[in-house]
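Some notes on the structure that comes next.
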Amino acid sequence: MVISDAGIFNTYEKLLPKELQAMPDIQKQLSMVKHGEGGLSIFVGLNGTKEELGLKASNYWIFAENNFDELMEKYMNEEREKASKKIPLLFVASPSAKDPSWEERSPGKSTLSLVSFAKYLWFEEWKDDKVTNRGADYKELKQAFINSALDVVMDVFPKITRDKIEYVDAGTPITNTHYIGAPKGEICGVDHGIARFSPELNATIRPQTPLKNLYLTGQDVFLCGFAGGLAGALTCGSVILNRNLHLDSFVLAMKTKYINKKLKDE
Ligand SMILES: Cc1cc2nc3c(=O)[nH]c(=O)nc-3n(C[C@H](O)[C@H](O)[C@H](O)COP(=O)(O)OP(=O)(O)OC[C@H]3O[C@@H](n4cnc5c(N)ncnc54)[C@H](O)[C@@H]3O)c2cc1C
């Protein structure tokens with residue numbers, strides 16, 4: 001039995017032998033999905049405590065305008081130079097502010113994780129270069145995206161100023177290809193457009209594949225994110241073990257809650 005977490009594109013287009021890739025049922029599944037959007041990750045190291053920098057243990061989704069679909073479409077269809085000048089949507093979180101033991105381990109320092117989208121095509125020309133040594137043009141483009149993201153951050157968190165930034169680097173869609181095998185730099189596997197949620201797709205793309213003893217697991221058989229990937233694993237395990245692991249985990253959670261409450265009351 002083979003269980004693949006490498007994603008539907010990698011599993012069907014790279015890991016299967018050519019003659020199996022060509023099977024009509026495999027091709028049908030591939031025709032129902034498309035690659036999700038590429039991710040841009042920016043990692044920032046700051047001088048200053050969370051109090052000094054005004055950071056909280058919260059997640060921020062920052063949008064330049066309210067019409068999210070329009071915003072995203074416009075940004076992703078820009079030329080890369082223009083897109084790099086203004087990032088219209090940004091996720092910001094401070095891992096250090098969420099970590100109760102941080103101050104003890106790294107006094108006076110803080111971190112930020114910034115996540116947005118970027119088109120694979122904007123970076124594709126450097127995909128075959130050596131990672132960490134992709135040349136000055138690549139670095140320059142990355143820096144332009146970094147600067148735009150930092151502008152957004154400094155606007156929302158006025159206590160963060162340029163002189164507080166000790167370290168900053170970015171990962172682009174081709175970084176995701178290198179490190180997590182995302183074929184087009186996808187941040188979350190296959191695209192999550194409306195088509196992904198059609199009854200036909202959900203009835204067709206399941207942990208069971210057209211090949212006996214080959215199963216798919218992870219985000220591509222459920223939803224993106226850690227929770228989605230985990231739910232995909234429970235679904236895949238349910239199929240293989242022929243029992244509902246979602247229900248098992250729910251019952252386990254209820255039992256644990258009950259036991260914990262009882263112990264607390266005693
Ligand atoms: C930068 C970034 C930030 C994210 N932040 C969050 C977040 O804050 N919260 C959240 O919920 N989700 C986040 N996500 C999404 C989350 O990481 C994914 O949805 C989740 O990891 C999917 O789990 P998975 O097991 O399905 O796939 P993955 O975790 O992508 O695992 C797939 C595995 O397959 C391997 N693989 C690929 N090709 C091959 C091959 N040919 N041979 C062998 N192995 C192969 C890869 O190396 C990888 O280990 C983030 C993703 C990225 C990229």
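The values are calculated or read from the model by the stated rules, or taken from the named source; none is laboratory data. Just so we're clear, the structure is a prediction, and the values are computed from it rather than from any experiment. All Cβ positions, even for glycine, are placed from backbone atoms using ideal geometry, and neighbour counts span all protein chains on display. Accessible surface is based on the protein model in full, side chains and every heavy atom, while ligands, DNA and RNA are left aside. Shrake-Rupley method; radii C 1.70, N 1.55, O 1.52, S 1.80 Å.
Below are the figures for this structure:
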quantity	calculated
Every residue from the stretch 180-200 that is of a type outside the set (Phe, Trp, Tyr) and part of a helix (DSSP H, G or I)	Ile180, Ile194, Ala195, Arg196, Pro199, Glu200
Checking Met154 against (1) of a type outside the set (Phe, Trp, Tyr); (2) open to solvent by less than 50 Å² (accessible area, probe 1.4 Å); (3) under 19 Å from the mean Cα position of the chain (by Cα), the condition it does not meet	(3)
Identity of the residue in the stretch 148-179, within 16 Å of the ligand (Cβ to nearest atom) and assigned to a helix (DSSP H, G or I), that ends up nearest to Ile87 (Cα to Cα)	Ala149
Residue within the stretch 66-75 that is under 30 Å from Glu103 (Cα atoms) and surrounded by 15 or more Cβ atoms within 10 Å (Cβ to Cβ) present	no
Residue check for Ser94: under 23 Å from Gly181 (Cα atoms), hydroxyl-bearing (Ser, Thr, Tyr), within 16 Å of the ligand (Cβ to nearest atom) and not assigned by TED's automatic domain parsing to the domain that holds Leu234	no
Residue, nearest to the chain's Cα centre (by Cα), within the stretch 201-224, restricted to residues that are closer than 24 Å to Met76 by Cβ, assigned to a helix (DSSP H, G or I) and within 15 Å of the ligand (Cβ to nearest atom)	Gln219
Search result, residues across the stretch 206-229 that are closer than 18 Å to Leu16 by Cα and open to solvent by 60 Å² or more (accessible area, probe 1.4 Å)	Arg206, Gln208, Lys212, Asn213
Unmet requirement for Phe117, which otherwise passes all of (1) under 15 Å from Ala149 (Cβ atoms); (2) more than 14 Å from the ligand (Cβ to nearest atom); (3) among the aromatic types (Phe, Trp, Tyr)	(2)
